[in-house]
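Novice: Structure provided below as structure tokens; questions to follow.
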Amino acid sequence: MVFISPDCTGEGLVAGLLGGIAIGFTVVGRAASLGERLPSSTYDLSGTNSMMLTSLVLAASLGGKFFEVRESADGLLYFRLAAAGTLVGAGSSLGKGCTSGNGIQGLAALSPFSLVFVCAFMAAAAVAAPLFRSSADVLNDDVETVDRVPWELFLVAVAFAGAQYIAGKESARLAALEVDALHAKGGVIGDEQAAAAAEGGLARATASLDLVALFARVAAALGGVAFALALVVSAMAKPSKVLGFLDFTNEDRGWDPTLAFVMGGGLLVAAPAYHILGLRDKAPCGPHARRTGGGGGYMSTSEWARRPIDRNAVLGGLLFGLGWGMAGLCPGPGIVMCGAALAPPQGGGGFGFVMSSLFASGGVWALCMFGTKHGVDRLMQSRQRPCQISPGDTGALCPHSTPPETEKKNEVTKVVVQPATESPLYGAVP
């Protein structure tokens, strides 16, 4: 018999809704400024590290109230975390997104692929959580409930989401100026850079490019802070909240619907914004667009949303859901857990204690998730046929190839096309 868990409070539901709204503002700000998606399942130098740093600071200042950090784990739990991370990483790669990617951004863009992926991972997770007894084996017995709504953290998260938008718009503005100047001259950036180098002006030719990347990195870092704060506000940094939703038949704890309020809050903001602002059809306009004006090999939101439903949607969703149900961790919360585990313990403890807490709380899971995601991305890319792009082509590139790079050899500018498993700024394409 399904009954509402006593861990689910009115304050907790409001906090979940506010956290989802903050996530919605974060993904909309990124899409509206840079025409990109939030890459939580792909390691991002600026975004991932800022998420970990934010949760570390919060855990050190607020204590463990908003987190569930383990001090140690046995071999069986380590194996469970490793297996769960591997499954989530493989599913994220096949589905090109995770809970925030397909669950909020994909559904907001009305992507049929994302809808199938979300249905598959929800069904698989609902089976895996009770099947593997995740609530009993993964969670601590003392689950702390939310006794108040953290309004201050919500407001700070929204402020950082707005700052992300401002930095992203500046990156897009600089990239647009470059593209306009090059189109006016009838060339591509590779040719312009080669000519500038011949005249001794390479520094001037690359200065504005550096600013495009700099502002994009700042935007990614600010977005990471906003995303981490939103997850903490919504209590999604606690596996108990996730597993409390997935294991709805648990006779000991009952069902906790907080997760539904989080995703609902995210869609409440993202869905109308995507269509009112035309974000689904917005082309990448930051570092990914600075070479050709057509996205630079990064799969645009339009292409991503219109992916045909195939076996990757079903298989990826099933693998992701199995891993999610085994440990109660998906990419965003897993990263936040790692950061919180690095906070100095209040009861004292040395480096060994912190490392033990890190690996037991999410370190093993994160290593397996990111490693598997990267490996499957590489494998899928190696099976794709590279696109042939002629020199001087300034149109949109195929999403399976990177922008042409120029190299000067014997006074001749040569265009080289490389496989695009990685973007120039963010690493593997999410």
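Novice: Would a scan of the stretch 286-305 turn up a residue that is in contact with an Asp or Glu (Cβ under 7 Å, 6 or more places away or on another chain) and at pLDDT 90 or above?
Specialist: There is at least one residue in the stretch 286-305 that is in contact with an Asp or Glu (Cβ under 7 Å, 6 or more places away or on another chain) and at pLDDT 90 or above.
Novice: Next question. Specify which of the listed residues (Ser134, Ser111) is polar (S, T, N, Q) and modelled with pLDDT under 95.
Specialist: The unique qualifying residue is Ser134.
Novice: Of everything in the stretch 332-371, what is within 16 Å of Glu68 (Cα to Cα), in a helix (DSSP H, G or I) and in contact with a Ser or Thr (Cβ under 8 Å, 6 or more places away or on another chain)? Give them in sequence order.
Specialist: Gly332, Ile335, Val336, Met337, Cys338, Gly339, Ala340, Ala341, Ser356, Ser357, Ala360
Novice: Among the candidates Leu56, Leu62, single out the residue that is part of a helix (DSSP H, G or I), modelled with pLDDT under 90 and either under 29 Å from Asp281 (Cα atoms) or not basic (Lys, Arg) (or both). If you could, list the steps in order and put the result at the bottom.
Specialist: On the way: Leu56 fails: modelled with pLDDT under 90.
Exactly one of Leu56, Leu62 is part of a helix (DSSP H, G or I), modelled with pLDDT under 90 and either under 29 Å from Asp281 (Cα atoms) or not basic (Lys, Arg) (or both), namely Leu62.
Novice: Against the condition buried (at least 18 other Cβ atoms within 10 Å of the Cβ) and either basic (Lys, Arg) or not in a loop (DSSP other than H, G, I, E, B) (or both), how does Leu77 come out, does it pass? Lay out the reasoning, then the answer.
Specialist: Values: buried (at least 18 other Cβ atoms within 10 Å of the Cβ): no; either basic (Lys, Arg) or not in a loop (DSSP other than H, G, I, E, B) (or both): yes.
In short, no.
Novice: Among the residues that make up the stretch 4-18, is at least one of them modelled with pLDDT of 85 or more, among the hydroxyl-bearing types (Ser, Thr, Tyr) and under 28 Å from Pro344 (Cα atoms)?
Specialist: Looking through the stretch 4-18, none of the residues is modelled with pLDDT of 85 or more, among the hydroxyl-bearing types (Ser, Thr, Tyr) and under 28 Å from Pro344 (Cα atoms).
Novice: Now for a different question. If I ask for residues that are touching a Pro at 6+ places or on another chain (Cβ under 9 Å), outside any helix (DSSP H, G or I) and surrounded by fewer than 24 Cβ atoms within 10 Å (Cβ to Cβ), which ones from the stretch 7-43 would you list?
Specialist: Within the stretch 7-43, Cys8, Gly35 meet the criteria.
Novice: Can you go through Ala73, Ala31 and tell me which one is touching a Leu at 6+ places or on another chain (Cβ under 8 Å), over 18 Å from Pro333 (Cβ atoms) and either in contact (Cβ under 8 Å) with a residue 12 or more places away in the chain or small (Gly, Ala, Ser) (or both)?
Specialist: Ala31
Novice: While we're looking at this one, here's another question. Going by what's in this entry, would Gly254 be described as of a type in the set (Gly, Ala, Ser) and modelled with pLDDT of 90 or more?
Specialist: Taking the combined requirement at face value, the residue does not satisfy it.
The values are calculated or read from the model by the stated rules, or taken from the named source; none is laboratory data. Please read all numbers here as calculations on a predicted model, not as lab measurements. Every residue, glycine among them, receives a Cβ derived from its backbone with ideal geometry; neighbour counts consider all protein chains shown.
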